[in-house]
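Chemist: If you scroll down you'll find the structure; I have some questions about it.
The values are calculated or read from the model by the stated rules, or taken from the named source; none is laboratory data. Please read these numbers as outputs of a predicted model, since none were measured by experiment. For neighbour counting, all protein chains shown are included, and Cβ atoms are generated from backbone atoms with ideal geometry for every residue, glycine included.
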Amino acid sequence: KVYMLGEDGHWDDRGTGYVQVEMIQELDSLGLRVIAEGTPDKTLLETKIFEEEVFQRQGDTIITWTNPESRDDVALSFQEAAGAQEVWEMVCQVQGRSPHDAFGDEYEQDAAPSGQG
């Protein structure tokens with residue numbers, strides 16, 4: 001599931017989909033693209049993988065970040081830990097950092113919803 005933090009401070013569910021790590025031409029960068037489940041022509045999220053360490057792991061199934069350009073707070077909640085780990089490792093590989101030392105608590109008080117998608 002894709003969540004974005006609304007102006008009211010609540011996480012808004014933007015839909016369920018499949019995450020792809022790929023070159024996004026419009027952003028001229030490697031990025032994350034989430035394609036809507038059941039609607040392959042609908043994109044729920046498109047974001048570049050920033051070189052800054054803005055991505056954080058929240059437990060086994062959630063990845064959060066603040067887009068340094070738009071200042072949007074975003075969370076991806078995965079149904080299974082294996083899916084979150086796979087995407088996390090790809091993000092870290094693009095950033096050139098180890099996926100094992102990046103569990104942060106920066107977002108703990110604003111943690112994303114833990115519901116399964």
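Chemist: Determine if segment 55-64 includes at least one residue that is part of a strand (DSSP E or B) and surrounded by fewer than 17 Cβ atoms within 10 Å (Cβ to Cβ).
Modeler: Initially, segment 55-64 is screened for residues part of a strand (DSSP E or B), giving 55-58, 62-64.
Retained after the next criterion (residues that are surrounded by fewer than 17 Cβ atoms within 10 Å (Cβ to Cβ)): none.
Taking every residue of segment 55-64 in turn, none turns out to be part of a strand (DSSP E or B) and surrounded by fewer than 17 Cβ atoms within 10 Å (Cβ to Cβ).
Chemist: Taking segment 70-84 on its own, how many of its residues are touching a residue at least 12 places away in the same chain (Cβ under 8 Å) and surrounded by fewer than 21 Cβ atoms within 10 Å (Cβ to Cβ)?
Modeler: Step one: of segment 70-84, the residues touching a residue at least 12 places away in the same chain (Cβ under 8 Å) are 72-81, 83-84.
Restricting the remaining residues to those that are surrounded by fewer than 21 Cβ atoms within 10 Å (Cβ to Cβ) gives 72-73, 78-81, 83.
Qualifying residue count for the region: 7.
Chemist: Which one of these is acidic (Asp, Glu) and part of a loop (DSSP other than H, G, I, E, B): Glu46, Glu26, Glu52, Glu22?
Modeler: Glu52
Chemist: Answer with yes or no whether Arg14 is basic (Lys, Arg), in a strand (DSSP E or B), within 14 Å of Met90 (Cα to Cα) and modelled with pLDDT of 95 or more. Working first, answer last.
Modeler: Working: basic (Lys, Arg): yes; in a strand (DSSP E or B): yes; within 14 Å of Met90 (Cα to Cα): no; modelled with pLDDT of 95 or more: yes.
When the stated conditions are applied, Arg14 does not pass them.
Chemist: Is it fair to say Thr16 is closer than 19 Å to Pro99 by Cα and surrounded by 12 or more Cβ atoms within 10 Å (Cβ to Cβ)?
Modeler: Working: closer than 19 Å to Pro99 by Cα: no; surrounded by 12 or more Cβ atoms within 10 Å (Cβ to Cβ): yes.
For Thr16, the condition - closer than 19 Å to Pro99 by Cα and surrounded by 12 or more Cβ atoms within 10 Å (Cβ to Cβ) - is not met.
Chemist: Now for a different question. Output the residue which, of all residues in segment 75-112 that are in contact with a Phe, Trp or Tyr (Cβ under 7 Å, 6 or more places away or on another chain) and modelled with pLDDT of 50 or more, is nearest to Thr16 (Cα to Cα).
Modeler: Top of the filtered list is Ser77.
Chemist: Looking at (1) assigned to a loop (DSSP other than H, G, I, E, B); (2) in contact with a strand residue (DSSP E or B) (Cβ under 7 Å, 6 or more places away or on another chain), can you tell me which one Ala84 breaks?
Modeler: It is condition (1) that Ala84 fails.
Chemist: Ile35: over 10 Å from the mean Cα position of the chain (by Cα), in a strand (DSSP E or B) and surrounded by 13 or more Cβ atoms within 10 Å (Cβ to Cβ), yes or no? If you could, list the steps in order and put the result at the bottom.
Modeler: Working: over 10 Å from the mean Cα position of the chain (by Cα): yes; in a strand (DSSP E or B): yes; surrounded by 13 or more Cβ atoms within 10 Å (Cβ to Cβ): yes.
Criteria met by Ile35.
Chemist: Please pick out the residue among Glu26, Glu22, Glu51 that is without any contact (Cβ under 8 Å) to a residue 12 or more places away in the chain and either crowded, with 16+ Cβ neighbours inside 10 Å or not small (Gly, Ala, Ser) (or both).
Modeler: Values: Glu26 fails: without any contact (Cβ under 8 Å) to a residue 12 or more places away in the chain; Glu51 fails: without any contact (Cβ under 8 Å) to a residue 12 or more places away in the chain.
Sole residue among the options that is without any contact (Cβ under 8 Å) to a residue 12 or more places away in the chain and either crowded, with 16+ Cβ neighbours inside 10 Å or not small (Gly, Ala, Ser) (or both): Glu22.
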